[in-house]
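Working notes, structure below.
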Amino acid sequence: MSKGTPFDPRTMPLEGLRLIEASAGTGKTFSLAGLYLRLLVEQRLTVREILVMTFTRAATQELRERIRARLVAAARIATDPAIADPDHPEDALTLDILAASDDERPALARRLRDAAARMDEATISTIHGFAQQAAADNAFDGGLPFDRGEQVDDTALFRETAADYWRSQTIGEPTARANAFLQLWSSPETLFDALRPALQQPHVILAGPDQATIQAQTDTVRQRWQTEGDALRDLLLRAEAEGALLKSGDLHKAVETHGGMDAVVTLLDHGIAGTTAGHVALPGWLADLGDPTGVRKHIKKAAADKWCQPHSLPLTGELAALQPLGRLAALRDALATVRTESLRRKRDRRQFSFADMIEALHDAITDPDGGDHLAAALHETWPWALVDEFQDTDPLQYAILQRIYRGRDRGGLLMIGDPKQAIYAFRGGDVFAYLDAARDADGCYHLDTNFRSTGDVLRAVQTIFETPGDDAFLIPGIHFQAVKAGRRDGDRVIRLDGNTLPAMTIWPFDGSDDRKGTTEDTLMEATVTRIHALLHTPATVTTDDGADAPVRPRDIAVLVNTNQQATAAQQALSRRGIAAVCLHQASVFTSDEALDVLRVLRAAATPADESSLRAALATPLFGYRLSGLIALTEDEGAWQALVERFQAAHERWHRHGVLAMLQPLLQAAAPRLLTLDDGERRMTNYLQLGELLQNASGETFGMSGLIQWLDDARNNPDRSETGEAEQLRLESDDALVRIATVHKVKGLQYRIVFLPFAPFLGATGAPDKPPLAFHDDQHRACLDYGVADAAGPAIRERRAEAIRLLYVALTRAEQACYLPWGTATGVENGALAWLLHGPDGATPDHWSRARKTPDWLAPETVESRLQELAGRAGDAIAVEPLPEPMPAGQRLPLPPPPEGGPRGDTIASRPDWSVYSFSRLVSGSRHATNTAGADDEAPDPERAEPAPQQIELRGPQFGTAIHDMLEAMDFATWPLPGATTNAHHDWMAGHLRNAGIALPERPAPLLDAVGGMLSRTVHAPLPETGPLASIPHAHQRREMEFFLGLSGSQVAAVIDRLSAAGYATALPADRRAQTLRGLMHGFIDLIVAVDGRYYIVDYKTNDLGAHALAYQSDGLQTAVRHGHYDLQYLIYTLALHRHLDRSLPGYDPAEHLGGVHYLFVRGMTGEDAAGVFTDRPPADLILALDRLFAGEEAA
């Protein structure tokens, strides 16, 4: 594959198949958004006509937001080009793209504004989402199912079907055939384990001769066995009789297992006769009898020579060769049956998996009869497709895209990605699909400027990857692509004790004499020592604005290979007083906190059960020790008080849900737990578990069902791939060193990167045992079950992926990277061994098991190679001694406690974990209330006197009364204005008095006015929903209580994102400094469902003044902005979004969220839009807010 030409988004032809290689840090999303803008401007496409695909849901939302922002900015520049900064890359590109348009600027600006407003209609999805939509839109023409039914994970069904197949081959079959099959797979589980690697790849090829060839060989051997088999039978029987069997050999073990050599010989006959499907099934020991070395594994030395005579073992060579072929043929038969039967069962059960969507679309679009028509229809819908992260695609996905876009006279397909970062083979990604696309493309390009790393970091990485020559990545067509730095190095440096740190520091080490595991410990301790120095010794880092700032923990990342290494790294740092956060994908159900919550649930479900109550009290949530529990049981009053507390928890669970029950327990435990080193981790886990339980409560039956659900989740954490909701969340990471596996950090960047375990990357888990995964010369994915001699290619591909992982790890560094290298057990099989010592003798397709260190890895050779490396890199690489471990007990000094007392005294000492309301968020008061109507503002004394028809009552008490009445009333039967009766008056008077309002002596005029206000509120024709009185009660949800989990959300990041979209622009500056961690609690006045959409209705009793204009559009906009109600209804919409996401099948926020109606009831006339403020926030904004509230960084 050619490295291509430098990519210019201004000039790349907008036609055909185009492939862009985007090396790490080169602005892939910037380029993609620019091309999207070009398609809108130059080709005059609409957002509905451009298909954008990537490979995760989070990435689709980021792309949608980035493209929307680019279009908004382009519209502004089209309106006023003077606001553009020609030196800013985005502005410069936008100016050039706009200049190429012949449209009048006002019309172009309108078109771009319209495109930005319609981004919710754009198809920006995962590849599976595209397949699902393509199937739904073309079900009839494409022969695809209209409704696929329930989405399921294939694993359980494959296991079920494999077990049924196993039983069909062993139960009810003749003994001989059943015995033959049992020699292949002794249980359903062993069969499933053998099939699993092939089942995970829908179109993988089981390498080896075809079935006809295997059958011909089998028939020949069977015929000879009939005439020549007696000699081997006799030899085996004599070996037993003469005591010639080695007890350590598998043949002797088979004799013992089956009760004698007679039985073993019978099983051999059965195996050669074959299974029900006709496949031979021969024991493993038989293969050893074909050569002298193998014979000596089973026969004693004195008798072995006789066995090894050429005439002594007739047919053993042929039988040994036939053994793996028989197993392969049986595997192919089992695989085909299990796949076909699993698909049939899914159809019968109306189920489907992600893989099924892709397979169905692929089969339909490549069908000789209807495929052309389907491909043309999809091309007509989306003339252009932009595919991000294309290196993560697979052959089926590429075949679908190629079928749609190749050879068309209009439109095209743009694929952008980086084969050097193809690290997700375990998810189905296949870098060879990228290479096929490179072969087929009408043009190949590459991005040539890195905007992430300094020039010295780029030079250091380039030096490493150029050491073995052009074959660094081991796969033809994947080359290292040198790039230039987009920033000046002098503007971004790190200094330690006044000395500038090199871009890459390599630490040589000699672990040849270390016991297993000690080398990793030594390297981690060296890493801790240097991190301690960076944080404790005067060290500065140049920030993006050019200022020097102290190195912060969050500037530092420790990248590891496995989750176990991540945990070990966190513990090593913790021992030295350095707080760190792990970004990994372990399930929260495996945490200790999951057991704590389970015990609390059991106690809350049965408060009278003394044993359950004691178990709950012993958890960290309550913190009772054994002595305290004994004292409690002896104090009847204290014990009864705790029983009553759990009875109250039981009632709250029953009335308001499990999260509402757990919330006060978490709030009470927070001050004590947050004083612990891992307290934040624990609180994060508790909160996450509470949300998972709340989500699951809609799918389980009662308290006992929810308890069983959590117990099952704890006992089966690996029941499927850990879902995003179940992955352990981050603690607050602002002041924490980051720790992550390399798989987790693709797309991220850090100022300083440590790779303590890089020497072992790719050095574990020998890939030379069947089944071996490799690709043939046609780039087809293959599995070798021991017949294709594929060990060399499989090892090379496995090592190639480790090299790509190392590339990802090294390219995360912005300014500095630390990399150890040296001698230790097994490192000769790792990625670094090939990259650094390819010229010294390292081989890429051999797996070493030798105990002796190879000559090319001797300490003196390592030192020489590293010095040569540093010499070629100039000042970019420094070779320094491995830092000595810190003295035992030395820790990083803790920062001083916050002003007002030591950490953990009260909730107030940790203002970053609490329960928030909207009022508290905008006011900053810890005591702000959630009472309905409490945020309705008091009248402004400067306003004009109210008109006679206005109600004199104002303030939160009146607001509470109106909210209570609207919550309690029947909208449909409430009379029209002027028709309220004495009964209505009495009812309203009761509510007013309950709110603490004293009525006048003659209350009728006031009650008439209140009744009219209520009438106008419920009978006014609201946009899209119509009057509240027309909505059936079953389609209303009043006063919905919600708890939103907050995982370290930065208010500034939230407000910045909202402000960019025109919301929350009036929040006081001092409120932006908050960090939200805990729960956001509130009540939504009313939710209504109309025509499949869900709308939020909120009542406001604010007095906006006497003039009617105050309740028209501009006045309402001012009131909403002044009261921060836009932030309020965004929070409400987020709460509704999370509720619908877990409870509404097929939920789509763009389709199902209808928007908000804020009813300023004083100004409503009942006839027009007066007093009615309506908005529908964009769905992608709500999704972004969801991520920000979950503690994720802003896109």
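The values are calculated or read from the model by the stated rules, or taken from the named source; none is laboratory data. The model shown is predicted, which means the values in this text are computed figures rather than measured ones. Quick reminder, even Gly has a Cβ in these numbers, built from the backbone with ideal geometry, and neighbours come from all protein chains shown.
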Original post:
Can ALA983 be described as among the small types (Gly, Ala, Ser) and modelled with pLDDT of 90 or more?
Top reply: no
Subject >> Residues that are part of a helix (DSSP H, G or I) and over 21 Å from GLU967 (Cβ atoms), drawn from the stretch 992-1047 >> reply: ALA1004, PRO1005, ASP1008
Subject >> Qualifying positions in the stretch 273-291 - out of contact with any Lys or Arg (no Cβ under 6 Å at 6 or more places or on another chain), surrounded by 20 or more Cβ atoms within 10 Å (Cβ to Cβ) and not small (Gly, Ala, Ser) >> reply: HIS279, VAL280, LEU282, LEU286, LEU289
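Rundown of residues vs (1) among the aromatic types (Phe, Trp, Tyr); (2) touching a helix residue (DSSP H, G or I) at 6+ places or on another chain (Cβ under 6 Å); (3) in contact (Cβ under 8 Å) with a residue 24 or more places away in the chain; (4) not assigned by TED's automatic domain parsing to the domain that holds PRO538, yes/no style:
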position: LEU458; (1), (2), (3), (4): no, no, yes, yes
position: ILE464; (1), (2), (3), (4): no, yes, yes, yes
position: ARG492; (1), (2), (3), (4): no, no, yes, no
position: ASN499; (1), (2), (3), (4): no, no, no, no
**OP:** Kindly indicate whether any position in the stretch 992-1000 is at pLDDT 90 or above and either loosely packed, with under 13 Cβ neighbours inside 10 Å or of a type outside the set (Val, Ile, Thr) (or both).
**Re:** yes
Subject >> Residues that are of a type in the set (Gly, Ala, Ser) and either outside the structural domain of ASP333 (by TED's automatic domain parsing) or in contact with a Phe, Trp or Tyr (Cβ under 8 Å, 6 or more places away or on another chain) (or both), drawn from the stretch 192-206 >> reply: ALA194
**OP:** Go through the stretch 1092-1112 and count every residue that is of a type in the set (A, V, I, L, M) and touching a strand residue (DSSP E or B) at 6+ places or on another chain (Cβ under 6 Å).
**Re:** 2
**OP:** Name every residue in the stretch 182-203 that is surrounded by 17 or more Cβ atoms within 10 Å (Cβ to Cβ) and part of a helix (DSSP H, G or I), in order of residue number.
**Re:** LEU182, GLN183, LEU184, PRO188, LEU191, PHE192, ALA194, LEU195, ALA198, LEU199
Original post:
What tally of residues in the stretch 1137-1186 results from selecting those that are among the charged types (D, E, K, R) and under 18 Å from ILE124 (Cα atoms)?
Top reply: 3
Subject >> Filtered residue count, the stretch 69-112, keeping only those that are over 17 Å from ARG38 (Cβ atoms) and among the hydrophobic types (A, V, I, L, M, F, W, C) >> reply: 3
Subject >> Lone qualifier among ARG655, ARG681, ARG625 - being touching a residue at least 12 places away in the same chain (Cβ under 8 Å) and of a type in the set (D, E, K, R) >> reply: ARG681
**OP:** Provide a single number: the residues in the stretch 552-579 that are surrounded by 23 or more Cβ atoms within 10 Å (Cβ to Cβ) and not in a helix (DSSP H, G or I).
**Re:** 6
Original post:
Has the stretch 642-659 got any residue that is modelled with pLDDT under 75, buried (at least 16 other Cβ atoms within 10 Å of the Cβ) and not assigned by TED's automatic domain parsing to the domain that holds VAL560?
Top reply: no
Original post:
Which condition number does ALA163 fail, the rest of (1) in contact (Cβ under 8 Å) with a residue 60 or more places away in the chain; (2) under 25 Å from ASP356 (Cβ atoms); (3) crowded, with 16+ Cβ neighbours inside 10 Å being met?
Top reply: (1)
Original post:
Out of (1) over 29 Å from the mean Cα position of the chain (by Cα); (2) surrounded by 22 or more Cβ atoms within 10 Å (Cβ to Cβ), what's the single condition that is false for ASP388?
Top reply: (1)
**OP:** Enumerate the helices (runs of 4 or more DSSP H) found wholly within the stretch 583-665, keeping only those where 1 or more residues are under 21 Å from ARG681 (Cα atoms).
**Re:** 592-605, 610-617
Original post:
Of the residues ASP85, ASP91, which single one is more than 28 Å from the chain's Cα centre (by Cα) and outside any helix (DSSP H, G or I)?
Top reply: ASP85
**OP:** Considering (1) at pLDDT 95 or above; (2) closer than 30 Å to ASP369 by Cα; (3) assigned to a helix (DSSP H, G or I), say which one LEU51 fails and leave the rest.
**Re:** (3)
**OP:** Kindly indicate which of ALA263, ALA244 is crowded, with 17+ Cβ neighbours inside 10 Å, small (Gly, Ala, Ser), out of contact with any Leu (no Cβ under 8 Å at 6 or more places or on another chain) and assigned by TED's automatic domain parsing to the domain that holds ALA180.
**Re:** ALA244
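Have a look at ALA58, ALA99, ALA92, ALA84 and point out the one that is in contact with a helix residue (DSSP H, G or I) (Cβ under 8 Å, 6 or more places away or on another chain) and over 30 Å from ALA422 (Cα atoms).
Exactly one residue qualifies, and that residue is ALA84.
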Subject >> From the options ASP1175, ASP1114, residue that is surrounded by fewer than 22 Cβ atoms within 10 Å (Cβ to Cβ), among the charged types (D, E, K, R) and in contact (Cβ under 8 Å) with a residue 40 or more places away in the chain >> reply: ASP1175
Original post:
If we scan the stretch 1120-1133, do we find a residue that is at pLDDT below 90 and outside any helix (DSSP H, G or I)?
Top reply: yes
Subject >> Per-region count, the stretch 460-476, residues buried (at least 17 other Cβ atoms within 10 Å of the Cβ) and under 24 Å from ASP436 (Cβ atoms) >> reply: 5
